[in-house]
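Notes follow once the structure below has been shown.
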Amino acid sequence: MKLLLTGARVIDPAQKIDAKMDVLVENGKIAKIGTGPFSTAKTKDAGKIKIIDLTDMIICPGLIDMHTHLREPGQEYKETVASGAKAAVAGGFSSIACMPNTDPINDNRSITEFVKRKAVEANLANVYPIGAISRQSAGEQLTEFWDLKEAGIVALSDDGKPVMDAALMRHALEYGHSLSLPIISHCEDTNLSAGGLMNEGYYSTILGLGGIPVSAEEVMVSRDILIAEFTRTGIHIAHVSTEGSVRLIREAKKRGLKVTAETAPHYFTLTDESLQTYNTSLKVNPPLRSAEDIKAIKEGLADGTLDAIASDHAPHARTDKELEFEYAANGISGLETSLALSLRLVNDGVLTWPELIAKMSTNPAQILNLPKGTIAAGADADITVIDPQLKWTVDVKTFYSKGKNSPFHGWEMKGKAILTIVGGEIKYALPSLNL
Amino acid sequence: MKFTRKDILGIKDLSVDEINLILETAESFLEISTREIKKVPTLRGKTVINLFFEASTRTRTSFEIAGKRLSADTINISASTSSVVKGETLIDTARNLEAMNPDVIVIRHSAAGAPHLLATLVKQSIINAGDGAHEHPTQALLDMMTIKEKKGRIAGLKVAIIGDITHSRVARSNIYGLSKMGANVVLAGPATMLPRDIEQMGVQVHTKLEDAIIDADVVMMLRIQLERQKQNIFPSLREYSQHYCLNSRNIKLARKDAIVMHPGPINRGVEISPDIADDPAYSVILDQVNKGVAVRMALLYLLTGGSE
Ligand SMILES: [Zn+2]
């Protein structure tokens, strides 16, 4: 079946396209894109072609969420590869990369292959496993990068278990770089963050909750930049949450270092002030910071210091969150709100549409060396269609993710993915489209 | 004034009028404790559950006596947070307790915000008897009651709070309460025990005890948790006591008629030298204990509809 998507505004930063065009999909690939004669030939192929009128919609390369947690194997009650992939396509993501902190941890070929097999069975989004830097993510001994790469990982990270040993990080950067495997660093000095439950500042003080200082993140951002510089490699900084981190990354980029960085929607949307009711759906690591940090994150996104927006999708069961704040799990179920929260940046004039698409597709593809992130002719037909005007209300009960842990429940949103195409097949369509 | 609040979770939420009503009600109950038959039938048929996830003989006993003097049925439940899967106990216990339909649940918990969680789970009134480093509202109320009795007022007084402010729920509740009532609150402690941005609570902050207690009307000394030494927030008890212990020498910096308070139990010679702690000219520590019962009686009374 061919697909002809007509009438939409097509945005593809990789090709510097932002224009009204038609897109023809054939055999899982982008066959044609343009305003040429194939638009007028719509009727000739009648019967063999499905024509979808997308007037007033936005077509972009399939969105890529480079930082998710899928919980399988080990914690299938929180999320499975299949439920996570379903949430991904419903959120507009045709591809996701998943962190290795499953149980057991993805530190060897068999887990990587297992996750990939589960993704194939689910047959929804492309799922790219990220392998652990160290065995058990214990921060002591490197995993077999080479073997993991052959098994299909696209990057390495000990996300959630920060690499405290600087020499281990050095060796990971060197060895990973030689295999073209990016290292994704969860920057947190666990001595500085020990006992911390939220951002350290006025609100942690009045709530009596242990504080996580911004410096816990910043000293590690600084360390990793310096090690990457010395080893002539590169580093990707995960979930940037502080003004100081943005400044350090900006300065590193200015010096020409190969440093890339992502932030998550909650870090430009919510502050620690919102924690005053001890609402555990707001408990996340790194923690929600201050209004000044939000301002700096937005500036970092606008000037290109922050390359990507990733959800840090961290699904949890009700029983993991309905607890005293101290005992509740960290994380936000983010796949189904990430795009709408990021669209607020466009509506607020922080980012242009092409800049947003770059941060949610083009750049993540580049950072992870994925053959994705564009809808040039010949590319895989991974396409996201967004209705920029669609008003909707977040309702966790309607999430496809098993994780209903969202602080955005009840929020009014504008803009939503209405169609997610992966490899030329429609994997999600808003029911009201009647396709 | 009618008291319409369902719960007492912290002093932060209370208005000046509410604090005054609680203190006045407590004063009227003070006399009951001096009677030969120390019991009134006010809360007959009501049930109060003392749910303590953290050991505290003093506070629990005080609540228990308060309930009994008002003829409420009081039940003590001690739960350990370490022996069970963390947190699940609170939710499960809450649901179980709710099914037994008590009128008031008093909760003490090591996790800040636990009483707030409980309050969202059950329809009964919740009294926070201390949650982590967050608040200890009944302690602040009894402290305010003591100060009011000894000084005749709270407004305009200089109150110095000394010690480990970071880990002190007593300090936070008192800062809220005393500031609302018009006192000038000044803090002092080692820099490692002063939580970030605490001055935004409207207090003056010093790192030397002497700077804080000059001309103070009230000096409130906080308890040092000896195990904090392991976190490296102070080098030794020896050095701490040399610089932050209230003694007969530095007390002279305060006003002549200054009173000395401590939420107890005291580490004598660490926070307060024995001569000051036991000197009735300064120490009002036993008055605090006495007021504690009256304040808790007042809260039980007001929360069960006593002002109607
Ligand atoms: Zn992380």
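Is there a residue being touching a Leu at 6+ places or on another chain (Cβ under 8 Å) and under 22 Å from A:Gly331 (Cα atoms) anywhere in the stretch A:226-239?
From the stretch A:226-239, those touching a Leu at 6+ places or on another chain (Cβ under 8 Å) are A:227-229, A:231, A:233-235; that's our starting set.
So of that shortlist, the ones also under 22 Å from A:Gly331 (Cα atoms) come out as none.
The answer is no, given that none of the residues of the stretch A:226-239 is touching a Leu at 6+ places or on another chain (Cβ under 8 Å) and under 22 Å from A:Gly331 (Cα atoms).
With the requirement that a residue be part of a strand (DSSP E or B), open to solvent by 30 Å² or more (accessible area, probe 1.4 Å) and touching a residue at least 40 places away in the same chain (Cβ under 8 Å), what does the stretch A:4-30 give you?
A:Arg9, A:Asp18, A:Glu26, A:Lys29
Do we have any residue at all in the stretch B:230-238 that's open to solvent by less than 30 Å² (accessible area, probe 1.4 Å) and more than 17 Å from B:Glu135 (Cα to Cα)? Step through it out loud before you land on a result.
Going residue by residue through the stretch B:230-238, those that are open to solvent by less than 30 Å² (accessible area, probe 1.4 Å) are B:233-234.
From the residues that got through so far, the ones that are more than 17 Å from B:Glu135 (Cα to Cα) too are B:233-234.
The answer is yes; a qualifying residue exists.
Assuming B:Arg268 fulfils every condition listed in (1) surrounded by 14 or more Cβ atoms within 10 Å (Cβ to Cβ); (2) touching a residue at least 24 places away in the same chain (Cβ under 8 Å) apart from one, which condition is it?
(2)
Within 15 Å of the ligand (Cβ to nearest atom) and surrounded by 18 or more Cβ atoms within 10 Å (Cβ to Cβ): which single residue out of A:Tyr278, A:Tyr267 fits that description?
Details: A:Tyr278 fails: within 15 Å of the ligand (Cβ to nearest atom).
Exactly one residue qualifies, and that residue is A:Tyr267.
How do the pairs read when you match residues in the stretch A:212-241 that are under 23 Å from A:Ile130 (Cα atoms) with residues anywhere that are within 16 Å of the ligand (Cβ to nearest atom) and of a type in the set (Lys, Arg), using Cβ under 8 Å and keeping only pairs 6 or more apart or on different chains?
These pairs meet every condition: A:Ser241/A:Arg289.
Which one of B:Asn174, B:Asn128, B:Asn101 is of a type outside the set (A, V, I, L, M), in contact (Cβ under 8 Å) with a residue 24 or more places away in the chain and out of contact with any helix residue (DSSP H, G or I) (no Cβ under 8 Å at 6 or more places or on another chain)?
Numbers: B:Asn174 fails: out of contact with any helix residue (DSSP H, G or I) (no Cβ under 8 Å at 6 or more places or on another chain); B:Asn128 fails: out of contact with any helix residue (DSSP H, G or I) (no Cβ under 8 Å at 6 or more places or on another chain).
From the options B:Asn174, B:Asn128, B:Asn101, the qualifying one is B:Asn101.
Whether any residue in the stretch A:116-135 is in a loop (DSSP other than H, G, I, E, B), within 16 Å of the ligand (Cβ to nearest atom) and either surrounded by fewer than 21 Cβ atoms within 10 Å (Cβ to Cβ) or touching a residue at least 12 places away in the same chain (Cβ under 8 Å) (or both) is what I want to check. Walk me through it before giving the result.
The initial filter retains those residues of the stretch A:116-135 that are in a loop (DSSP other than H, G, I, E, B), namely A:123-125, A:132-133.
Still in the list and also within 16 Å of the ligand (Cβ to nearest atom): A:132-133.
Keeping just the survivors that are either surrounded by fewer than 21 Cβ atoms within 10 Å (Cβ to Cβ) or touching a residue at least 12 places away in the same chain (Cβ under 8 Å) (or both) gives A:132-133.
Yes.
Limited to the stretch A:163-181, what total is found for residues that are surrounded by fewer than 23 Cβ atoms within 10 Å (Cβ to Cβ) and either within 16 Å of the ligand (Cβ to nearest atom) or within 14 Å of another protein chain (Cβ to nearest Cβ) (or both)?
Result for the stretch A:163-181: 1.
Identify all residues within the stretch A:216-230 that are open to solvent by less than 20 Å² (accessible area, probe 1.4 Å) and either more than 14 Å from chain B (Cβ to nearest Cβ) or away from the ligand (no atom under 16 Å from the Cβ) (or both); write none if there are none.
First pass over the stretch A:216-230, keeping only residues open to solvent by less than 20 Å² (accessible area, probe 1.4 Å): A:216-217, A:220-221, A:224-225, A:228.
Scanning the stretch A:216-230 gives A:Glu217, A:Met220, A:Val221, A:Asp224, A:Ile225, A:Ala228.
When you scan the stretch A:298-340, how many residues do you find that are away from the ligand (no atom under 16 Å from the Cβ), touching a strand residue (DSSP E or B) at 6+ places or on another chain (Cβ under 8 Å) and either outside any loop (DSSP other than H, G, I, E, B) or open to solvent by 20 Å² or more (accessible area, probe 1.4 Å) (or both)?
Of the residues in the stretch A:298-340, 5 are away from the ligand (no atom under 16 Å from the Cβ), touching a strand residue (DSSP E or B) at 6+ places or on another chain (Cβ under 8 Å) and either outside any loop (DSSP other than H, G, I, E, B) or open to solvent by 20 Å² or more (accessible area, probe 1.4 Å) (or both).
Taking the stretch A:182-202 as the search range and keeping residues that are away from chain B (no Cβ under 14 Å) and farther than 9 Å from A:Ala216 by Cβ, which one is nearest to the ligand (Cβ to nearest atom)?
The extreme case among them is A:His186.
Return the residues of the stretch A:88-115 that are in a loop (DSSP other than H, G, I, E, B) and among the aliphatic types (A, V, I, L, M); say none if nothing qualifies. Talk me through it step by step, then tell me what you get.
At the first step, the residues of the stretch A:88-115 found to be in a loop (DSSP other than H, G, I, E, B) are A:91-92, A:99-108.
A:Met99, A:Ile105, listed by residue number.
Can you confirm whether A:Ala90 is in contact with an Asp or Glu (Cβ under 8 Å, 6 or more places away or on another chain), closer than 22 Å to A:Val10 by Cα and touching a residue at least 40 places away in the same chain (Cβ under 8 Å)? Outline the logic, then answer.
Values: in contact with an Asp or Glu (Cβ under 8 Å, 6 or more places away or on another chain): yes; closer than 22 Å to A:Val10 by Cα: yes; touching a residue at least 40 places away in the same chain (Cβ under 8 Å): yes.
Answer is yes for this residue.
The values are calculated or read from the model by the stated rules, or taken from the named source; none is laboratory data. For clarity, every value in this text was computed on a predicted model and none was experimentally measured. Cβ sites come from the backbone with ideal geometry, for glycine too, and all protein chains shown count toward neighbours. Please note that ligands, DNA and RNA were not included when accessible areas were found on the heavy atoms of the full protein model with its side chains. Shrake-Rupley method; radii C 1.70, N 1.55, O 1.52, S 1.80 Å.
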